[in-house]
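Scroll down for the structure; my scribbles are underneath it.
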Ligand SMILES: [Zn+2]
């Protein structure tokens, strides 16, 4: 066998007697590992040997495997360590016979096992370079989200086997260290970015550690590393964030920047002590992947026309309301981007600055240096801006400066923590703002939420029955008999039934009637009632229009609009 191989290589590149002897000696020491023993002599390139091996065994050699043929539904049936041990990867093109890529046909003991485990009736063997097969194995498990678990297992066993095949994180951080904990942290971050997570939570419990990713606003448990990993994992992240690793009893904040391929990721890191150790949250701010146009929100034509008008006024306040994570900042950024032009002076004060907007001055609130919203605002006003964005109105002082600015010829954007648009008036009055100031300064209040979009691969169609809309509080008789979809869950959507998000809006324009009503009452029900009479579309109505388009589900609209 080894002589056949050497003869084939010899035809292309003449081999000396000495080289032949060396290779034969290496092979005879370990005849069950043909490839390894030949490669280890370092006399040939791997592809050179594989081409020859392909001839000896009459197997096709594929120098580059297509990762499109990776099937993630196979991972549940085969342990990853098994594939790596034998260096084989099962692949499948749609509708074609599966391929099993092997690196060494002299040892095919694992191939039958794969075929049996996957229930393959037929398959063909192909030869591929070792790193191609390892990359395919990684892709296989990456897609199913299990590789981080494997990293932990490898870490626990003290094994360093994970190292050579993790090229995908090579440009992440200063990844020169071989320490498994660094690999694990890097992997967690790059997986988080890939999955579109906004936060990664590391939560210690008595016996385990839980790693959860927030994707599309929902927390998913991704990994439960053993308790033993906790100290080194937390320490590593604290080092990245330049925190004091010895201090474990007070909350700390820090930040780090990483690059993954061409994406720049800003990470805000915070720790909080708990009874079982430090709880840590990494907030991922992807500077490359922000949507900055309303059209990318899935906004309705009617709502867009309203917003278009509202954000082009020359003075007054536009408020965006909604709970944390409802996309308020993104909407404000989209508004600024839309109206930004060289002749306009736009200044923002934010906590934190989430995204760098071109041509717009952004100031970060910083408690340590005494830059609060109110103080920052005072200095902003002196810089003669046309448009001011205040990250959030939290107190009377900030509200008063915002209103003052609005009344003196500035257009002011800000956010408030209220459920619906009418509630914004109540909230401002509760803060201590005089109703006549609200009535004279507020142009519009935009309430918004993000709804998850149904996974198009697995959503299920049905007909809306009266019982389905019972929870819509009386509204929605007109939906009965219409077609809608509900989530199911498949491998494409991590079994969540959803993939991606869009915003829904409730825009309350302060017309003369509403302005005079605000002078009489701050009761949000009365204000809402008047706004509805003037034609306001509620969050639920806007959400239901997405339901009828098959984009989201009734359950999802109810979830995000519950009071
Ligand atoms: Zn799906």
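The values are calculated or read from the model by the stated rules, or taken from the named source; none is laboratory data. It should be emphasised that the depicted structure is a prediction, and the values quoted were computed from it without experimental measurement. All Cβ positions, glycine included, derive from the backbone under ideal geometry; neighbour counts span all protein chains shown.
Per-structure values
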quantity: Selection count, the range 475-492, where residues are in a helix (DSSP H, G or I) and within 16 Å of the ligand (Cβ to nearest atom); calculated: 2
quantity: Evaluation of residue 417 against (1) away from the ligand (no atom under 16 Å from the Cβ); (2) farther than 29 Å from residue 192 by Cα; (3) surrounded by fewer than 18 Cβ atoms within 10 Å (Cβ to Cβ) (one fails), failing number; calculated: (2)
quantity: Helices (runs of 4 or more DSSP H) completely within the range 285-396 that count 2 or more residues being farther than 26 Å from residue 505 by Cα and touching a residue at least 24 places away in the same chain (Cβ under 8 Å); calculated: 373-381
quantity: Hits in the range 518-547 - residues which are under 17 Å from residue 439 (Cα atoms) and buried (at least 21 other Cβ atoms within 10 Å of the Cβ); calculated: 518, 527, 531
quantity: Any hit, the range 537-546, residues being farther than 15 Å from residue 445 by Cβ and without any contact (Cβ under 8 Å) to a residue 40 or more places away in the chain; calculated: no
quantity: Flag for residue 429 being surrounded by fewer than 22 Cβ atoms within 10 Å (Cβ to Cβ) and without any contact (Cβ under 8 Å) to a residue 60 or more places away in the chain; calculated: no
quantity: Residues that are farther than 17 Å from residue 374 by Cβ and either part of a loop (DSSP other than H, G, I, E, B) or modelled with pLDDT under 95 (or both), drawn from the range 431-447; calculated: 434
quantity: Filter pass, residue 136 being in contact with a helix residue (DSSP H, G or I) (Cβ under 9 Å, 6 or more places away or on another chain), outside any helix (DSSP H, G or I) and within 21 Å of residue 49 (Cα to Cα); calculated: no
quantity: The range 493-543 - residue that is part of a strand (DSSP E or B) and within 16 Å of the ligand (Cβ to nearest atom) and, of those, farthest from the chain's Cα centre (by Cα); calculated: 498
